[in-house]
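Okay, structure first, notes after.
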Amino acid sequence: MARRRFLFPALIVFGLTLSIASSASAHQTSLLTGNLDINTADEIVVTLNLSAHDLAVALEREVDLKRQLTLSEISAMREDAVRYLKAGISLFTDTGQCAVLANYSGTYGDEEGMTPAELVFSCPGTTEQLHMDYRLFTEIDDDHQALLQVPRAEGGSETLFYDRQTPSLSFAPPHRGGDSSLFDDLLGMIGIGMVHILEGYDHILFLLLLILAAPRLFPIIRLVTAFTLGHSLTLALAWFDVFTLPSSIVEPAILASIVLVGLDSAVRPRPIADRWILAGLFGMVHGLGFFGVLSGLANIPEGRITALVGFNLGVELGQLLIVLAVAPALYWARNRSWFPNFRRGLAGLSAIGAAVWLVSSA
């Protein structure tokens, strides 16, 4: 009877695991960052920081995404990239659409794997409002996001946040007064942090394995707190250029952390609540992964503290939602006879899945 009780929830979780794995196999784009500025009285320049991999996928180029693209591969995309960029961003004034000229050098910028581009919009006359439509990369990633900074006359900048749900925004021209505030920017970054953790399958899986190993309130709080402190520390260190690692090291290390925690949970006969040190150490690895999302914003001098604090708060709120969703079920199941086998089986499946993911991405 106990085996039957274990089999049904195990099959459900296994099905959910397969569903998550199939979603994770699709290409996930990097956060696109950029700036709007005034070139001349009639020209507005949009500078973009693009992922070379994202551009190659969008242009349907057959390249190996497990390595950095060569300069010749990037250069070969120049003409198609210009057409794609011109079609992907449109700018309007009060009187109509602005003409656009796209410049793409086909080279790498200062950041690893990122390539710069520029759009010059000709917008004759004066206008009180600009309206921008953004369509880049949404056809290859439903969760693609972009952040564009607009400088303001009073200092600082306004942040424009685009995704599939918000493809169009209206705003004052650069260097004029805007309705953005520190609080608005903070809320925007909190939203980005929440979306990132809730759509980060690897981070969610690691967090669930931690919770699964300690299905009681205070051990859960201890583990999640250690994980939070760990990733907050390394995210801040990377943000201020104190310490960072390339994504080619960080991403496999995150998957390896899932494998190790999963094996630990599967092998130990009872849930262990004293692994908070492990949670903190692996949290430091995950923090470097979080930085990969925000690396483009780290070069923007205005609002760096706001972006860091807001993103981190968003990640913590997302973690809290995950814990609140899972903890009641664990509390209910912890005294069931089938739970120990279920816990070990789920942890083992997670470790095997992460190991396969790690090998396939090598």
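Quick notes on this one:
Table: residues versus (1) assigned to a loop (DSSP other than H, G, I, E, B); (2) at pLDDT 90 or above; (3) among the hydrophobic types (A, V, I, L, M, F, W, C); (4) in contact with a Pro (Cβ under 9 Å, 6 or more places away or on another chain).
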site: Ser23; (1), (2), (3), (4): no, no, no, no
site: Thr29; (1), (2), (3), (4): yes, no, no, no
site: Leu55; (1), (2), (3), (4): no, yes, yes, no
site: Lys66; (1), (2), (3), (4): yes, no, no, no
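- Boolean, Gly109 is surrounded by 15 or more Cβ atoms within 10 Å (Cβ to Cβ) and touching a residue at least 40 places away in the same chain (Cβ under 8 Å): yes
- Within region 232-242, the set of residues being in a helix (DSSP H, G or I) and closer than 30 Å to Asp64 by Cα comprises Thr234, Leu235, Ala238, Trp239.
- Taking region 344-358 as the range and being buried (at least 16 other Cβ atoms within 10 Å of the Cβ) and of a type in the set (A, V, I, L, M) as the test, the residues that pass are Leu346, Ala347, Leu349, Ala351, Ala354, Ala355, Leu358.
- Screening Asn39 with (1) among the polar types (S, T, N, Q); (2) in a strand (DSSP E or B); (3) at pLDDT below 90; (4) buried (at least 17 other Cβ atoms within 10 Å of the Cβ) gives one miss only, at (4).
- Per this entry, Leu209 is not counted among residues that are modelled with pLDDT under 80 and not basic (Lys, Arg).
- Selected residue [part of a loop (DSSP other than H, G, I, E, B) and under 21 Å from the mean Cα position of the chain (by Cα)] from Leu245, Leu208: Leu245
- The sole residue among Leu59, Leu136, Leu65 that is in contact with a helix residue (DSSP H, G or I) (Cβ under 6 Å, 6 or more places away or on another chain), under 27 Å from Glu251 (Cα atoms) and buried (at least 18 other Cβ atoms within 10 Å of the Cβ) is Leu136.
- Of the candidates Leu237, Leu233, Leu255, the single residue that is within 20 Å of Ala351 (Cα to Cα), out of contact with any strand residue (DSSP E or B) (no Cβ under 6 Å at 6 or more places or on another chain) and of a type outside the set (Ser, Thr, Tyr) is Leu255.
- When region 122-133 is filtered for residues that are surrounded by fewer than 22 Cβ atoms within 10 Å (Cβ to Cβ) and under 24 Å from Gln28 (Cα atoms), only Asp133 remains.
Residues are listed down the side, and each one gets a yes or a no for (1) within 19 Å of Pro151 (Cα to Cα); (2) modelled with pLDDT of 80 or more; (3) surrounded by 15 or more Cβ atoms within 10 Å (Cβ to Cβ):
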| residue | (1), (2), (3) |
| --- | --- |
| Gly287 | no, yes, yes |
| Phe290 | no, yes, yes |
| Gly296 | yes, no, yes |
| Asn299 | yes, no, no |
| Arg304 | yes, no, yes |
| Phe311 | no, yes, yes |
| Glu316 | no, yes, yes |
| Ile322 | no, yes, yes |
| Trp332 | no, yes, no |
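- Subset of region 85-106 (residues that are surrounded by 16 or more Cβ atoms within 10 Å (Cβ to Cβ) and in contact (Cβ under 8 Å) with a residue 40 or more places away in the chain): Leu85, Gly88, Ile89, Ser90, Leu91, Phe92, Cys98
- Restricting attention to region 159-180, the residues being more than 16 Å from Thr47 (Cβ to Cβ) and at pLDDT below 80 number 5.
The values are calculated or read from the model by the stated rules, or taken from the named source; none is laboratory data. Predicted, not measured: the structure shown is a model, and the values here were computed from it. Glycine also receives a Cβ, built like all others from the backbone with ideal geometry; neighbour counts cover every protein chain displayed.
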